[in-house]
């Protein structure tokens, strides 16, 4: 089979790799119908996150089950399924608590020795704990299939940010980060009842999506000026709930600066840098909570799925470029150069 | 009247100062019966927090109302009252949300231009929003009066830490910091239903109090060894709820290191240092929340008061030294040298 591999900075390839096959009784093999490129893949692409030469990449996919191990009970060949960006056994203490990302038997697609999502097929360990079945009819609905793919990461991660930030009906929310996760956080915040959603961003194509997702205000300023602008929009106090979907020290600084006393920053941007950007004095003085981390997307999937199926929740517009597997490098390049927001990979 | 003043590092004095008197219609004047020295006063005492020469000090007191302004409605002369460590108007948006520490009209005892708690009397702005009435009979019960004094700061702050750390019935809790606040957090955690409370500390006199307050385990190790010891006590995973009651980069690092994935650190130690001690990668990977800050003690006072009055909650053992106002410098010295845990000042 063919799959995407990374050989060094900016050296993304599509190569023949061993076919995915069931290796353990709890495995399933999924033939991929849709995959995509994540903003976090770019860290590896740019050489900023270490990878072994030839390592697989991609952690978002949906497709059709083609083989199952003897212990797999919830899916069978022919089923349309979506996978969260980590696998988990579904039965351990952390899985039971809704935190499959801390499962002792869990792991990441594309880690050494595992298949990546950007390939023709994926061996899925712990299929029962990992995969979520989708209605078969969805396979013939192009828009819906793309929307469902977002549940593998960005929509669930945006939802985690909103939940972690404590979004409640009537809340004022601010979103730092106009990538796919930040945009999905706008959708999630509105779904959770936010009255006002301020998107911080200056890329017109992205802020246009943000507005279509329900953002009520857009702040184009950066740094101190952005903090001042959000404060002015919120009666001087800041937002009840702030989503941080970037992960840099500067974005965290901005996020804390625009949070209302007693509010929370829901952070889901993979941290790059130390806590040095955090103004501990400000967090302390204003009782601002910092909550979030790697999103337990598998836990949210059954909660979000009905709304995506009904069309009430449609994250599909975050995909603004579609490539075939052979052109996946074009997808990386476009995202790296910010000419594309998020690249879909079709098979 | 006489009050405690700070003139420079280690230069604490008791001097004649202008009598406290009603200056605004919402003021009351409280004649102090009990005050005490706080661990945070030591930062000023040591010159590590800036103060003006001659500035008042002390933010914990209870006493008898002796004068009220024309707009004060909830207390009257003769009432026994306790004050939280900040005043607040009680009617603004933040006060209504339970966050009087963010009240726009609020302030700290001992800030420039205000009376400190370690003096014969205190002018209390916004008496209705600030003071809490106590049963007059308590004045003749020495132990109870001391326990009630703890509601002005350390008991409420320990409770805030426990609440912020998400202590729930059955939870395993770890407490970093064996000062009065850490010890009160042990009481608070047990009151909230914690099944197991691990106190990190090596001072026998303090860990003895911790055990009497309900700590089930004591870890004497520090740093990495402390993290390993707590992990061993908790099945390798860490504590659901961690109280951080010190405020240094090292203590924060320990607190994050002993938190269970999906858990929270409730931090109430006034931050000294930057966020550089925070391992953002660990917080992110394990979805550990950081919640807390300056405790909204006034909000908790009515919740905790009945249990202190009934004797179910008794923080009085945190006071292990009693001095008169004239000897307040002895109290500071003893706490600075760690020969006393917390000094009571009687009048």
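The values are calculated or read from the model by the stated rules, or taken from the named source; none is laboratory data. Model, not experiment: these values are computed from the prediction. Positions of Cβ are generated from backbone atoms using ideal geometry, with glycine treated the same way; all protein chains shown enter the neighbour counts.
Return a yes/no flag: does region B:316-326 have any residue that is within 14 Å of chain A (Cβ to nearest Cβ) and modelled with pLDDT of 95 or more. No, because not a single residue in region B:316-326 is within 14 Å of chain A (Cβ to nearest Cβ) and modelled with pLDDT of 95 or more. Taking the criterion of being surrounded by 24 or more Cβ atoms within 10 Å (Cβ to Cβ) and either out of contact with any strand residue (DSSP E or B) (no Cβ under 9 Å at 6 or more places or on another chain) or in a strand (DSSP E or B) (or both), the residues of region A:237-262 that qualify are A:239, A:240, A:241, A:242, A:243, A:244, A:259, A:260.
Surrounded by fewer than 24 Cβ atoms within 10 Å (Cβ to Cβ), over 16 Å from the mean Cα position of the chain (by Cα), part of a helix (DSSP H, G or I) and on the phi < 0 side of the Ramachandran plot - does that describe any residue in region A:176-199? Yes, region A:176-199 contains at least one residue that is surrounded by fewer than 24 Cβ atoms within 10 Å (Cβ to Cβ), over 16 Å from the mean Cα position of the chain (by Cα), part of a helix (DSSP H, G or I) and on the phi < 0 side of the Ramachandran plot.
Return yes when residue B:117 is buried (at least 24 other Cβ atoms within 10 Å of the Cβ) and either part of a loop (DSSP other than H, G, I, E, B) or in contact (Cβ under 8 Å) with a residue 40 or more places away in the chain (or both) and no when it is not. When the stated conditions are applied, residue B:117 passes them. Looking only at region A:306-321, how many residues end up being in contact (Cβ under 8 Å) with a residue 40 or more places away in the chain and either in contact with a helix residue (DSSP H, G or I) (Cβ under 6 Å, 6 or more places away or on another chain) or buried (at least 19 other Cβ atoms within 10 Å of the Cβ) (or both)? Number satisfying all stated conditions: 8.
Residues in region A:271-289 that are under 24 Å from the mean Cα position of the chain (by Cα), surrounded by fewer than 19 Cβ atoms within 10 Å (Cβ to Cβ) and at the interface with chain B (Cβ under 7 Å from one of its Cβ atoms): A:274 only. Of the residues in region B:80-94, at least one is buried (at least 19 other Cβ atoms within 10 Å of the Cβ) and in a helix (DSSP H, G or I).
Here's the yes/no breakdown for (1) crowded, with 24+ Cβ neighbours inside 10 Å; (2) assigned to a helix (DSSP H, G or I); (3) outside the structural domain of residue B:124 (by TED's automatic domain parsing); (4) out of contact with any strand residue (DSSP E or B) (no Cβ under 7 Å at 6 or more places or on another chain):
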site: B:35; (1), (2), (3), (4): yes, no, no, no
site: B:41; (1), (2), (3), (4): yes, yes, no, yes
site: B:44; (1), (2), (3), (4): no, yes, no, no
site: B:50; (1), (2), (3), (4): no, no, no, yes
site: B:62; (1), (2), (3), (4): yes, no, no, no
site: B:65; (1), (2), (3), (4): no, no, no, no
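Of the candidates B:292, B:266, the single residue that is buried (at least 24 other Cβ atoms within 10 Å of the Cβ), under 20 Å from residue B:175 (Cβ atoms), within 9 Å of chain A (Cβ to nearest Cβ) and touching a residue at least 24 places away in the same chain (Cβ under 8 Å) is B:292. The single residue among A:167, A:173, A:72 that is in a loop (DSSP other than H, G, I, E, B), touching a helix residue (DSSP H, G or I) at 6+ places or on another chain (Cβ under 6 Å) and surrounded by 24 or more Cβ atoms within 10 Å (Cβ to Cβ) turns out to be A:167.
For region A:216-245, name all the residues that are in contact (Cβ under 8 Å) with a residue 60 or more places away in the chain, over 16 Å from residue A:190 (Cβ atoms) and within 25 Å of the chain's Cα centre (by Cα).
Matches in region A:216-245: A:244 only.
The residues of region B:263-281 that are part of a helix (DSSP H, G or I) and under 13 Å from residue A:290 (Cα atoms), listed by number, are B:275, B:280.
The conditions of being on the phi > 0 side of the Ramachandran plot and either at pLDDT 95 or above or within 13 Å of chain A (Cβ to nearest Cβ) (or both) are met by residue B:311.
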